[in-house]
Amino acid sequence: MSDTKVKRRGKKAEVNQSQELILALNDLCKEKNIDVDFILNALETAVVTAYKKHFNAAQNVRVNLDRVTGEFKVIAQKEVVQKVEAEDEGLYISLDEARKIKAEYEVGDIVEIEVTPRDFGRVEAMNAKQIITQKIREAEREQVYANSTKILNDIVTGRIRRIDEENRVFVEVEIKKDEGTEVVEALLPVDEIPKSEQPPKQHYAPNMRLVCYVSEVRGGNKGTQVVVSRTHPNLVRRLFMREVPEIEEGLVEIKSIAREAGSRTKIAVYSTDPDVDAQGSCIGRNGIRVNQISDELRGEKLDIVKWSEDPVELITASLSPSGVLSVEINEQEKSAVVTVPEHQQSLAIGSKGQNVRLAAKLTGWKIDIRKPDADTAGEE
């Protein structure tokens, strides 16, 4: 067999191998819903780096990768000058040499010359597999991050996958993609688990269903990490938005939330429609809506109060279930002295001061609870 035939067969084998690579890459990108041009562009950039490293670093080159055959071509880009010094031959071409290629070239033009080394395509086709694998992983990480950001500041329902030695809970949640859904692992840090839900009082276990608020999405070389919360006030907000259609329709607004996770939450609501009862909408018939939310929060108590622009009315409502005799406000200090019936003093203050503390957070006013005789009984 002649040398010519061997060379032709080698060239054909090289093209076939490259073409198979392109076909396989197209199938893989389609399966994973990744833009094939992203991979091929990255591959061309990597090949430029490889060429400069192994052949000629002192050249301006670009690489063309045929999207059908998979054949590589290295193109040197040289500027036309009058005369070229020996050390600058990789960057410049003389006007005389340029005009041998094309008579219209002038000084300052850029001439492109193919400089593909022998067997370069075959070698790079072999190396391309590693580059493609790396770029596909990067593209998948970027996709997971992009899809994960879609659930940021929203609630998700998942199942506990595992609990590590530090009692951090890892939850499997589903996120929507352009095609179907994808399961990702979300982290529920120990400090995001309400005290009342931490061991030994309340144990988490694998496969347990859990509703969480997505508080953060972290990207990085190690992949995407979704951080969820069980203590964030917006967990309560989102649960009400899910259970109360009037909120979704804009007929009822959540004006303020004060929460001590795992124990009690106060929520102030307002109706934009005089025919709609904001509190009643959130409570639901026979308490079905508020009870559903309480169950999701593992029995957390929920006080729903009516919002008012009048601080006296708002403060009075916020101290529910305690009755209020009078409210004296100090606009400058944004503080209020609230007189309650003596027999309801402890109710107004709450266990360890919780009720008045939440009322203060809900209203934004400093609240001083007093008995009718004006003796100080509790302050927040």
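Looking at Glu124, Glu140, which is the one that is outside any strand (DSSP E or B), at pLDDT below 75 and outside the structural domain of Val211 (by TED's automatic domain parsing)?
After ruling out the rest, the residue left standing is Glu124.
Quick check on my filter: what residues within region 21-56 are under 14 Å from Ile136 (Cα atoms), without any contact (Cβ under 8 Å) to a residue 60 or more places away in the chain and touching a strand residue (DSSP E or B) at 6+ places or on another chain (Cβ under 8 Å)?
Scanning region 21-56 gives a single hit, Leu40.
From the list Asn56, Asn16, Asn41, Asn33, which residue is in the same structural domain as Asp109 (by TED's automatic domain parsing) and at pLDDT 80 or above?
Details: Asn56 fails: at pLDDT 80 or above; Asn16 fails: at pLDDT 80 or above; Asn33 fails: at pLDDT 80 or above.
Selected residue: Asn41, the only one of Asn56, Asn16, Asn41, Asn33 that is in the same structural domain as Asp109 (by TED's automatic domain parsing) and at pLDDT 80 or above.
Within region 324-345, which residues are in a loop (DSSP other than H, G, I, E, B) and surrounded by 14 or more Cβ atoms within 10 Å (Cβ to Cβ)? Please lay out each step first, then the result.
Filtering region 324-345 down to residues in a loop (DSSP other than H, G, I, E, B) leaves 324-325, 331-334, 340-341.
Of everything in region 324-345, those that are in a loop (DSSP other than H, G, I, E, B) and surrounded by 14 or more Cβ atoms within 10 Å (Cβ to Cβ) turn out to be Val324, Leu325, Val340, Pro341.
Just wondering, is there one or more residues in region 311-323 that are assigned to a helix (DSSP H, G or I) and over 29 Å from Arg370 (Cβ atoms)? If you could, list the steps in order and put the result at the bottom.
Taking region 311-323 as the starting set, the residues that turn out to be assigned to a helix (DSSP H, G or I) are 311-318.
Okay, now just the ones that are also over 29 Å from Arg370 (Cβ atoms), so none.
No, region 311-323 contains no residue that is assigned to a helix (DSSP H, G or I) and over 29 Å from Arg370 (Cβ atoms).
Within region 325-362, track down each residue that is over 15 Å from Lys301 (Cα atoms), in contact (Cβ under 8 Å) with a residue 12 or more places away in the chain and of a type in the set (Gly, Ala, Ser).
Across region 325-362, the qualifying residues are Ser326, Ser335, Ala336, Ala348, Gly353, Ala360.
Of the conditions (1) touching a residue at least 40 places away in the same chain (Cβ under 8 Å); (2) hydrophobic (A, V, I, L, M, F, W, C); (3) crowded, with 18+ Cβ neighbours inside 10 Å, Ile254 satisfies every one except a single condition; which number is it?
Against the list (1) touching a residue at least 40 places away in the same chain (Cβ under 8 Å); (2) hydrophobic (A, V, I, L, M, F, W, C); (3) crowded, with 18+ Cβ neighbours inside 10 Å, Ile254 comes up short only on (1).
Among the residues of region 165-172, is any at pLDDT below 75 and assigned to a strand (DSSP E or B)? Can you show your working first?
If we filter region 165-172 for residues that are at pLDDT below 75, which is where we start, we get none.
No: region 165-172 contains no residue that is at pLDDT below 75 and assigned to a strand (DSSP E or B).
Of the residues Asp277, Asp310, Asp295, which is over 36 Å from the mean Cα position of the chain (by Cα) and of a type in the set (D, E, K, R)?
Asp310
Any idea how many residues of region 206-258 are among the charged types (D, E, K, R) and closer than 21 Å to Ile163 by Cα? Talk me through it step by step, then tell me what you get.
From region 206-258, those among the charged types (D, E, K, R) are 209, 216, 218, 222, 230, 237-238, 242-243, 246, 248-249, 253, 255; that's our starting set.
Going one step further and asking which of them are closer than 21 Å to Ile163 by Cα, we end up with 209, 216, 218, 222, 230.
Summing the residues that are among the charged types (D, E, K, R) and closer than 21 Å to Ile163 by Cα in region 206-258 gives 5.
The values are calculated or read from the model by the stated rules, or taken from the named source; none is laboratory data. None of these values were measured; they are calculated from a predicted model. Every residue, glycine as well, gets a Cβ built from its backbone with ideal geometry; the counts of neighbours run over all protein chains shown.
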